[in-house]
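Data block below; observations after.
The values are calculated or read from the model by the stated rules, or taken from the named source; none is laboratory data. All values reported here derive from a predicted model rather than from experimental measurement. So basically every Cβ, Gly included, is an ideal-geometry build from the backbone, and we count neighbours across all protein chains shown. Heavy atoms of the whole protein, side chains included, go into the accessibility calculation; ligands, DNA and RNA do not. Shrake-Rupley method; radii C 1.70, N 1.55, O 1.52, S 1.80 Å.
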Amino acid sequence: MLVVDDNQDVRQLVTAVLSEEGHQIAIAANGDSALKAMRLTAPDILILDIMMPEVDGYSVLKKMTEEGIKQKTKVLVLTAKTAEADWIRGYRLGADYYLTKPFTMDELIRTLNEMIRMTHDQLRKRRTDEIEKARLFSRLENVFDD
């Protein structure tokens with residue numbers, strides 16, 4: 001599992017909690033370091049922040065798809081970006097789950113356990129369903145705004 005976040009406190013907290021759960025954790029402080037690490041060995045799961053300097057999480061997702069890394073790696077976006085447009089963009093670029101900060105350790109562990117149990121095909125279907133759900137909510141908002 002690879003944890004990518006420019007905030008050292010987040011990296012340390014997530015690493016400590018997931019290590020206690022028995023996971024082997026590697027860390028990267030930015031998107032560029034994450035891509036370099038994944039080119040050597042694609043992790044089973046990537047926990048990815050979006051707002052990072054230089055190479056942000058969206059760019060990491062895009063590069064992972066272009067380079068075939070995404071086919072091997074499940075992605076949990078862990079970010080402070082809460083707008084629906086950000087959430088949709090993350091799913092469209094290949095995020096399998098989207099968890100917003102602040103989060104509880106129970107939420108993180110529960111989400112990761114669910115991801116681990118799911119196949120890549122199941123996650124792909126879930127991603128498509130989440131995008132469609134967002135489209136429907138957007139349409140409903142437009143109806144009620146009129």
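For the chain, what is the accessible area per residue in Å², given a 1.4 Å probe and the full set of protein chains?
Working: 8210 Å² over 146 residues.
That works out to 56 Å² for each residue.
Can you pull the percent of Cα pairs in segment 64-105 with separation above 14 Å? Taking all Cα-Cα pairs of segment 64-105, the fraction more than 14 Å apart is 48 percent. Normalised by residue number, the volume inside the convex hull of the Cα atoms of the chain is 112 Å³ per residue. Between R117 and Q71, residue separation times 0.36 nm minus the direct Cα-Cα distance comes to 14.9 nm.
Once the Cα atoms are used to define both axes, helix 84-93 deviates from the longest principal axis of the chain by about 60 degrees. Roughly speaking, what % of Cα-Cα pairs in segment 53-136 are separated by over 19 Å, rounded to a whole number? For segment 53-136, the fraction of Cα-Cα distances above 19 Å is 38 percent.
Taking Lys and Arg as +1 and Asp and Glu as -1, the other residues whose beta-carbon sits under 13 Å from that of L35 total 0.
A simple spin-label model places the labels of T100 and V143 2.3 nm from each other, with each point 7 Å out along Cα-to-Cβ.
Axis angle, to the nearest 10 degrees, between helix 57-66 and the longest C-alpha principal axis of the chain: 80 degrees. Seen from a random direction on average, the alpha-carbon convex hull of segment 18-90 projects onto 5.2 square nanometres. The Cβ shell under 12 Å around V55 holds other residues with a net charge of -2, Lys and Arg each +1, Asp and Glu each -1.
Each of R92 and T41 was given a label point 7 Å from its Cα along the Cα-to-Cβ line. The distance between the two points is 3.5 nm. Run the helix sum for the chain: -39,500 (n - 2.57) per DSSP H stretch of 4+ residues, divided by residue count, reported at 222 nm to the nearest 500 deg cm²/dmol. Only helices count here, giving -18000 deg cm²/dmol. Taking every protein chain into account, the 1.4 Å probe leaves E66 with about 120 Å² of accessible area, to the nearest ten. For the pair A80 and D32, the difference between a 0.36 nm per residue extended length and the Cα-Cα distance amounts to 15.3 nm.
For segment 93-135, the Kirkwood estimate of the hydrodynamic radius, built from every pair of different alpha carbons, is 11.3 Å.
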